[in-house]
Amino acid sequence: MSTERDSIKREREAIKSKYGELFAAVSAALFEDDPIGINFESNTDEYEPEAGTIIPRLHSASSAQDVETIVYEEFNRWFGPGDAGLKSEYESVSRRIWEIWCAFQKPV
């Protein structure tokens, strides 16, 4: 019997496989910026769940501010409003994710 946790993990793996370098870059940006303080230097995959739910929503973004809203909403969903902190704490990483997303969208 499949649990919700297994389902979430399968969805994340599918997104990771589909987006490859984008997934790695977004996850790394979150890890480096560490908006909620869970970077212990050896747990580099710590922000993969959040990257997995942020990336599918980037298609609806048209600015870094839109990305900030997406990132903030996802962190609230994953960690709750108390631990997610203030929306303004996501400004820097959201700008980085927007730049990563824009570069990903450019045709090669």
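Tell me, in nm to one decimal, what length is gained between Glu11 and Phe104 on full extension, where the rule is 0.36 nm per residue of separation less the Cα-Cα distance? Display every interim value, and only then the final one.
Numbers: separation 93, 0.36 × 93 = 33.48 nm, distance 2.07 nm.
The Glu11-Phe104 span can extend by a further 31.4 nm.
Using a 10 Å cut-off around each Cβ, can you sort Leu86, Leu30 from fewest to most neighbouring Cβ atoms?
Placing the least packed residue first, the sequence is Leu86, Leu30.
Note the full-extension length gain between Glu21 and Arg77 as 0.36 nm times their separation in residues minus their Cα-Cα distance, in nm to one decimal.
Working: separation 56, 0.36 × 56 = 20.16 nm, distance 2.44 nm.
Contour length minus the Cα-Cα distance gives 17.7 nm.
So what's the back-of-envelope 222 nm ellipticity for the chain, counting only DSSP H runs of four-plus at -39500 (n - 2.57) apiece and dividing by all residues, rounded to 500? It would help to have the intermediate numbers written out before the result.
Working: 6 runs with 71 residues, N = 108.
Taking each H run of at least 4 residues, the total per residue is -20500 deg cm²/dmol.
Counting pairs of Cα atoms in the chain, how many percent are more than 16 Å apart?
Pairs farther apart than 16 Å: 57 percent.
Calculate, in nm to one decimal, what Ser88 and Glu32 gain on full extension: separation in residues at 0.36 nm each, minus their alpha carbon distance.
Extending this stretch completely gives an extra 18.5 nm.
Every number in this text was worked out from the coordinates using simple rules, so none of it is lab data. This one's a predicted model, so the numbers in the text were calculated from it and none came from an experiment. With ideal geometry, Cβ positions are generated from the backbone for all residues, glycine too; neighbour counts draw on all protein chains shown.
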